[in-house]
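Structure record follows, encoded as structure tokens.
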Amino acid sequence: MNAPQHASLIGQRIPKMDAPEKVAGKTRYIQDLNLPGQLYGLILRTERVHARIVSIDTSAAKALPGVRAVLTAADVPIHPIGVNKDNPPLKGDKVRCERDEVAAVAADSLEIAQAAIKLIKVEYEDLPPIFDPRDSIKDGAPVIHAAKPDNVAMAFDYAHGDVERGEAESDVVVEDEFTLHRVTHCCMGVSGVIADFEPVSGNLTLYSNTQVPFLHKREFAEVLGMDPSRIRIIQPPIGGGFGSKLDIYPFEPIAVYLAKATRRPVKLIFTREEEFIASPTRQPAIIRLRSGAKKDGTLTFRTVDVLLDNGGYTSWGATIPFVMMQTFSSLYRVPHCRYHTKAVYTNNPFAGSFRGYGNLQATFAIEQQMDKMADALGIEPYEFRLKNAQNAGEVTGQGMHFKTCGFQDCLETAAGRSGFVEKRKALGAAKGLSGVRRGVGMASMLHVGGGAKIYPSDGCGTILKLDDFGHVTIMTGASEIGQGSETVLAQLVCEELGVPMSAVTVVNNDTDITPWDVGVHASRTTFIAGNSAIGAARKAKDKILAAAATVSNMKAEEMDLKGGNIVRASDGEKVMPLAKMLRQLHFSDKAELVMTTNYYEPPSVHQDKGFKGDVSAAYAWATQVVEVEVDTDTGIVKLLKVWAAHDVGRVLNEMGIEGQIEGGIIMGQGYALCEDMPVVEGHLVNPAFRDYKLITAPEIPEMDISFIETMDGEGPQGAKGVGEAPSICMAAAVANAIENATGVRIASLPFTPERVYSALKGRPL
Amino acid sequence: MTAIERYLAPAGLDDALAALAGGNATILAGGTDLMPQINAGKVAFRPILLNIRRIPELRAVEVGQGRISIGALVTINELKDNPVIAKAVPLLAEAADHFASDQVRNMGTIGGNVANASPAGDTLVPLLVLDAEVELASATGRRSVPMAEFFTGPGRSVRRPDELITALSLPLPRLRTVSRFVKFGTRPALDISAVSIGFSATLDGGRLSDVRVAFGAVGPVPMRGRATEAVLEGAALDAAIIAKAAATAQGEVKPIDDLRASAWYRRELIHNLLGKVLSDVVSR
Amino acid sequence: MSSLVEISCVVNGTPTRLAVPPETSALALLRDHLGLSGTKYGCGEGECGACTILVDGVSVNSCLMFAVDFDGRTVTTIEGLAVDRASDPLRQAFVEKGGVQCGFCTPGMVVQSRHVLDKHPNAGPDEVKRGLEGNLCRCTGYKKIVEAVITAAAAQSAAE
């Protein structure tokens, strides 16, 4: 008799575990949850962007029937939030941007809360504002935060080598200034929270959209002056994250204050307009980049000066210079590099963290300049990139060690599949400023793919149990934010334990149940939580096979778990059903359940004060080539096709990873072509989808996706993180394609029809 | 928000006109403009909310005596899909395809689009070049107003508060009529027009007559391009005339700078897109 | 508060009599009064499609519709399609083709896809993309959603 063959789940197209419930409309997001007796919270935001608060009169609002609490800064403890601790949830002394929260109401209904908000009278005394980050650092500029009289929220300096020497060795030197705009996440599910404070026990349950529940818990305790062990965070399914839920925002502590004040659960949900006005944005940036190369195409040096518009307050997003720095110092081999970044306060809406975390901005600058330098050197840009691309085994000036590196493969694959070199040559020969022109452009990227050791630990815990029937429950610290992490974790565990996907439940949404994880960011979940889950599964497997060895005539190492059975490893011959073994263990004299725990900490290190150190356990690479059509009569740029080659380590779930890459490409398309948040004198002028244009279905390009499998030694089954990578190259590639089509290089985003048309006409932007 | 005192959904036109007589009713048709305007505080409810969707005669599409009458409640998707409309006035069906989204096209009505009088209303430019008349009814009588005289400003028209738009009436295009509609945008629909252009003329023996040109989103109201029409009327379409017409159009539109486009860019678009439209007419 | 208006309609196959405030949106009626939370609020302005429902078999943005206008009509929400056997291939295709990530746009996408397939039983990529142009998705990049609807169209015609 032939033993059954059990195909590996790795690399298969596995549907998301939560999809059947989602397509039936049964999934309950934060908006869909209601607690008995809950009140509705609402925030009054300032209408001024930089002003002293003279007085707040809440008496009329408090007198309105159905109003249960009206709070201002005077009613709550002042514990500012944010990475610089500069953002008090309710503003008492002054307001610094359009979003600022000056009062909050809890009422029996949303309608009453809306009426109450209108009754609050605030008197302001305007202060001189700053809207352009270049003005923030001028002498005598108004001071936005007294604690930072120079208006610099954060500054970063990094160097390796000797750029003066590099410049002396250069045959070609180019310098450019790039200007990057403000965009936002546009999660389809708007922000919201429900705070349930139990007055007798003092326990707080927060139903929150956070993607970092354990860090949240700690920061909440600080902000609220509570014992962290009294805080439980439950995460309902999230209607999109993309980095937007990496910080605590003022509305969350405000909901808790309201719940404390009223002794009732308080639900606070944004409107879409509020979501646009009061949720984080990507950092607007001004990047001055100077680079050199020798005649043979070897890069010599790079100096970088970046000015980031931090807005009124400082979120975690202000640390994007960490990531930008990696791209400038290490995407290509650059012997000499100097990098300086300032994130400065303005009275604009404050930026936060967003998928790609500074890398879209850095890549836009570098990859345009690579084309420009190649042209100056008379070298084909693809060859120029290939010559300077990193290889496996390199340790960069920043100390990043590329144990696996698929960069050259990515370049060759994307260029080969798109016919890039020939196409670029042919289209470039026909470039012009009339009619409809076509062009191709290329860009590449480097991003962390094995976590990023920023916090004291970059780890993730797993608790795993099997029941008497072989059903596996995985309790993981890693949050599911739509990216498919629970499905991948289940797959990795199934692979170890030889059980089908249907035999797995993943619990990932309750800090009282799940073990610690640093959070969903840095494309780390598959890598870190995956390794953690595999470790827990292997411990369970060891236990099961050790038990099996006592009841069979085989040694543990001669057996394996496949197809729900304990089998002989050599030929797959069934030894006994897994469930039977589990029951024997449970109901024997040993009386044991199979329950294991594992905490995985990646073998990465913290950077030193000079930002040097191998911060991630693996690094991801990609090259994307785009083909565009430019209508020179209108400036409309149409994206026709994208060829994307990604070093993903190994494909775990082919459908899941395609979904991440396709979604990322389209997000990058929006960043390049149409998304924009014009802010005029501190006020967002388009807080609606009507004029904040997301890409729609008819606009998507053809996508040709290739996976480069470098089988990372530390990755789970060889995989690397890929969540952020696909959106990073698009804007740079499109810029290069527009140049190929028209001969005009545009150094500022987005490439809206009017901007492109103006550039083609040589009109100042 | 003002409270609605009465909600009425009459099945007959006379009842609706009676309810409107005092001029204190908010008219509800498709609702696609009304609901967001109410939510944004741009419009306040009047004491009566008058739902006209249950009046069958406002849905009629009739052809007779050289004209087509399209009931005010005909939805944008019906404009797109109704074979009678597609045959009689294909330009209108084509314009409907660029309108918002499928869901909005299923709800929004032609009467509502005219009543809202947005300078960027997607059906207005084709209705202008098709020489449509707005049929108005009130408890005291009926009247027809040519589209070119209907709009008085953004969101404003000559319709009195006691009047209801019952239909749009259009002359059937003559033989050898050529017509075009162009809406500038980066995607097929779901886009508020930064500019749009309508063109209609009789092309006989290489010469244009009965020329009508209209522009959307380049002034306070959708406008007829009278100077451009004068350049084209009686002319043979050659490169010089096309260039002259495009330049004339660029000069006669009165766009403003707003979030969606600068005035300069709108003028450039009018110039370039009208040139494209006319070149396309020549090439067919 | 305005006085309530009595209406009767059929919601997901169940004849229903309701008293609704005249200014209330259909979306608010479904979610807050009828507990049908599968229909989502995404923007409240008819720009995102998350609140799409079928009224007399035709797709509309429930955020733009007045609840009073349900009177005399047949309303189908995602909860209705979830138990509709004829829509099994459609929901299944969304699952199997990877058309779901965070899932927030999904109910609206499924309902609008139902309408697209009813209108164009043999819909190809262009018809599907145009049909879904009023439904925003921030996660998937639409490709797999379009594939799902095309797959469902094929499965549907094979079944007929």
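How long is the gain from A:L765 to A:A63 if the chain were fully straight, where each residue apart is worth 0.36 nm and the alpha carbon distance is subtracted? Numbers along the way, then the final one.
On the way: separation 702, 0.36 × 702 = 252.72 nm, distance 5.21 nm.
Roughly 247.5 nm would be gained on extension.
Averaged over all directions, how much area does the convex hull of the C-alpha atoms of segment A:550-690 cover when projected, in nm²?
Computed as one quarter of the Cα hull surface, the answer is 19.2 nm².
So what is log10(I(q)/I(0)) for segment B:6-51 at q = 0.18 1/Å, when the Debye sum runs over its Cα atoms only?
Log10 of I(q)/I(0), two decimals: -0.52.
Give, in nm to one decimal, the length gained when the segment between C:H33 and C:D56 is fully stretched (0.36 nm per residue of separation minus the Cα-Cα distance). List each step's numbers first, then the result.
Values: separation 23, 0.36 × 23 = 8.28 nm, distance 2.06 nm.
Difference between extended and current length: 6.2 nm.
Given 0.36 nm per residue, what is the gain on full extension from A:V173 to A:M576 after removing their alpha carbon distance, in nm?
Details: separation 403, 0.36 × 403 = 145.08 nm, distance 7.03 nm.
Net length gain for the segment: 138.0 nm.
Just to confirm my numbers, what's the Cα centroid distance between segment A:121-192 and segment B:66-117 in Å?
Computed from Cα coordinates, the inter-centre distance equals 50 Å.
Out of every Cα-Cα pair in segment C:85-159, what percent are more than 19 Å apart?
On the way: 558 of 2775 pairs.
Value for segment C:85-159 (Cα pairs over 19 Å): 20 percent.
So how long is each side of segment B:56-171 along the principal axes, counting just the alpha-carbon atoms, biggest first, in Å?
In descending order, the Cα extents are 34, 32, 27 Å.
Taking every residue in C:32-39, how many Cβ atoms of other protein chains lie within 10 Å of its Cβ, on average? It would help to have the intermediate numbers written out before the result.
Working: counts 3, 0, 0, 2, 1, 9, 8, 1.
Across C:32-39, the average partner-chain Cβ count within 10 Å equals 3.
Cα atoms only, segment B:177-283: Rg and Dmax in Å?
Reported Rg and Dmax, both Å: 13.3, 44.
Could you rank the peptides A:372-379, C:62-69 by their average count of other C-beta atoms within 10 Å per residue, with the highest value first? Working shown, then result.
On the way: A:372-379: 17.5, C:62-69: 26.2.
So the peptides A:372-379, C:62-69, ranked by packing, come out C:62-69, A:372-379.
Take every Cα pair under 8 Å in segment C:5-81 that's 6+ residues apart, average their separations, divide by the length, and report that relative contact order as a whole percent.
Numbers: 154 pairs, mean separation 30.6, N = 77.
Relative contact order, segment C:5-81: 40 percent.
Cut-off is 10 Å between beta-carbons; in what order do A:V625, A:V172, A:V605 appear when sorted fewest neighbours first? Intermediate values should be presented prior to the final figure.
Details: A:V625 31, A:V172 19, A:V605 15.
Arranged by neighbour count, lowest to highest, A:V625, A:V172, A:V605 become A:V605, A:V172, A:V625.
Specify, per residue and in Å³, the volume enclosed by the convex hull of the alpha carbon atoms belonging to segment A:591-672. The partial results should precede the final answer.
Values: hull volume 15.7 nm³, N = 82.
Roughly 191 Å³ of hull volume per residue.
Let's see if you can work this out: charge +1 on each Lys and Arg Cβ, -1 on each Asp and Glu Cβ, no other charges. What is the dipole magnitude of segment B:177-283 about its Cα centre, in debye to the nearest 20?
Numbers: 13 positive and 11 negative charges, 37 e Å.
Once rounded to the nearest 20, the dipole reads 180 debye.
How would B:S157, A:S291, A:S8 line up from fewest to most surrounding beta-carbon atoms within 10 angstrom? If you can, show how the numbers build up before the last one.
Working: B:S157 21, A:S291 29, A:S8 10.
Taking fewest neighbouring Cβ atoms as first place, the list is A:S8, B:S157, A:S291.
In percent, how large is the relative contact order of segment B:56-171, given Cα pairs closer than 8 Å and 6 or more residues apart?
Working: 208 pairs, mean separation 32.0, N = 116.
Here the relative contact order equals 28 percent.
Extending each Cα 7 Å along its Cβ direction at C:R85 and B:V158, get the distance between those two points in nm, one decimal.
Going by the 7 Å Cα→Cβ label model, 6.1 nm.
Once a ≥ b ≥ c are taken as the square roots of the eigenvalues of the Cα gyration tensor of segment A:336-428, is the result rounded (a/c under 1.5), prolate (a/b larger than b/c) or oblate (a/b not larger than b/c)? If you can, show how the numbers build up before the last one.
Working: a/c = 1.99, a/b = 1.47, b/c = 1.36.
Verdict is prolate for segment A:336-428.
Normalised radius of gyration for segment A:507-585, please: alpha carbon Rg relative to 2.2 N^0.38 Å, two decimal places.
On the way: Rg = 16.3 Å, N = 79, 2.2 N^0.38 = 11.6 Å.
Relative to the rule-of-thumb radius for its length, segment A:507-585 sits at 1.40.
Take peptide A:657-667, look around each residue's Cβ out to 10 angstrom, count Cβ atoms belonging to other protein chains, and average those counts.
Numbers: counts 0, 5, 10, 4, 2, 7, 10, 2, 2, 7, 3.
Per residue, the number of nearby Cβ atoms from other chains is 5 on average.
Charges only on Cβ, +1 for Lys and Arg, -1 for Asp and Glu: so what's the dipole of the protein assembly as shown about the Cα centre, in debye to the nearest 20? Walk me through the intermediate numbers first.
Working: 124 positive and 140 negative charges, 136 e Å.
That gives the protein assembly as shown a dipole magnitude of about 660 debye.
Only counting other Cβ atoms within 10 Å, I'd like A:E422, A:E167 sorted with the fewest neighbours first. Don't jump to the answer; show the numbers that get you there.
Numbers: A:E422 11, A:E167 17.
With the fewest neighbours first, A:E422, A:E167 line up as A:E422, A:E167.
How big is D for chain A, in µm² s⁻¹ as a whole number, if Stokes-Einstein is applied with the Kirkwood radius of its Cα pairs at 10 °C and 1.306 mPa s? Display every interim value, and only then the final one.
Details: Rh = 27.5 Å.
Translational D for this selection: 58 µm²/s.
Once you have the alpha carbon radius of gyration of segment A:165-287, what is it after dividing by 2.2 N^0.38 Å, with N set to its residue count? It would help to have the intermediate numbers written out before the result.
Details: Rg = 20.4 Å, N = 123, 2.2 N^0.38 = 13.7 Å.
Scaled against compact globular proteins, the figure is 1.49.
Can you show me the helix-derived [θ] at 222 nm for chain A, built from DSSP H runs with n ≥ 4 at -39,500 (n - 2.57) apiece and divided by the number of residues, rounded to the nearest 500.
On the way: 19 runs with 205 residues, N = 765.
Computed ellipticity for chain A at 222 nm equals -8000 deg cm²/dmol.
Using the per-residue mean of other Cβ atoms lying within 10 Å as a proxy for protection, in what order, highest first, do the peptides A:91-99, B:6-14 fall? List each step's numbers first, then the result.
Working: A:91-99: 22.4, B:6-14: 15.7.
The most tightly packed comes first, giving A:91-99, B:6-14.
So how do A:522-530, A:333-341 stack up, highest first, on mean other-Cβ count within 10 Å?
On the way: A:522-530: 29.3, A:333-341: 21.1.
Ranking the peptides A:522-530, A:333-341 by packing returns A:522-530, A:333-341.
In Å, the Kirkwood hydrodynamic radius of segment A:398-463 over pairs of distinct alpha carbons?
Numbers: mean 1/r = 0.0624 Å⁻¹.
After inverting the pairwise mean of 1/r, the radius is 16.0 Å.
Expressed as a whole number of Å, what is the distance separating the alpha-carbon centroids of segment B:1-62 and segment C:138-153?
If we compute the Cα centre of each part, the gap is 38 Å.
Mind giving me the FRET efficiency for B:R67 and A:K641? R0 is 60 Å, r the Cβ-Cβ distance, nearest 0.05 is fine.
Working: r = 48 Å, r/R0 = 0.80.
E between B:R67 and A:K641, to the nearest 0.05, is 0.80.
When the gyration tensor of segment A:641-765 is built from Cα positions, what are the square roots of 5 times its three eigenvalues, in whole Å, from largest to smallest?
Numbers: eigenvalues 211, 63, 32 Å².
Semi-axis lengths for segment A:641-765 are 32, 18, 13 Å.
List the extent of the Cα atoms of segment C:5-81 along each of their three principal axes, largest first, rounded to whole Å.
Between the extreme Cα coordinates on each principal axis of segment C:5-81 lie 29, 27, 21 Å.
Relative contact order for chain B using alpha-carbon pairs under 8 Å, separation at least 6, rounded to a whole percent? Can you show the working numbers first?
Numbers: 618 pairs, mean separation 42.5, N = 284.
With pairs under 8 Å counted, the relative contact order is 15 percent.
Roughly how crowded by other chains is peptide B:183-193, in terms of the mean Cβ count from those chains within 10 Å of each of its Cβ atoms? Write out the running numbers ahead of the final one.
Working: counts 0, 3, 4, 14, 10, 8, 5, 15, 5, 3, 0.
Other-chain Cβ atoms within 10 Å of each residue's Cβ, averaged: 6.
Starting from the exponent 0.38 and prefactor 2.2 Å, build the expected Rg for segment A:35-112 from its residue count and divide its actual Cα Rg by it. Spell out each step's value before the answer.
Details: Rg = 13.5 Å, N = 78, 2.2 N^0.38 = 11.5 Å.
Cα-based Rg divided by the globular estimate yields 1.17.
Along the principal axes of its C-alpha atoms, what lengths does chain B span, in descending order and rounded to whole Å?
Computed over the Cα atoms, the extents are 61, 44, 32 Å.
Just to confirm my numbers, what's the Cα centroid distance between segment B:206-254 and segment C:12-37 in Å?
Result: 51 Å between the Cα centres.
Over segment A:105-209, consider all pairs of different Cα atoms and compute the Kirkwood hydrodynamic radius from their mean reciprocal separation; express it in Å, one decimal.
On the way: mean 1/r = 0.0471 Å⁻¹.
Taking every pair of different Cα atoms in segment A:105-209, averaging 1/r and inverting gives 21.2 Å.
Rule-based calculations on the coordinates, nothing more; no lab input. As the structure is a computational prediction, the values presented were derived from the model and not from experiment. Methodologically, a virtual Cβ is constructed for each residue, glycine included, from the backbone with ideal geometry; neighbour enumeration extends over all protein chains shown.
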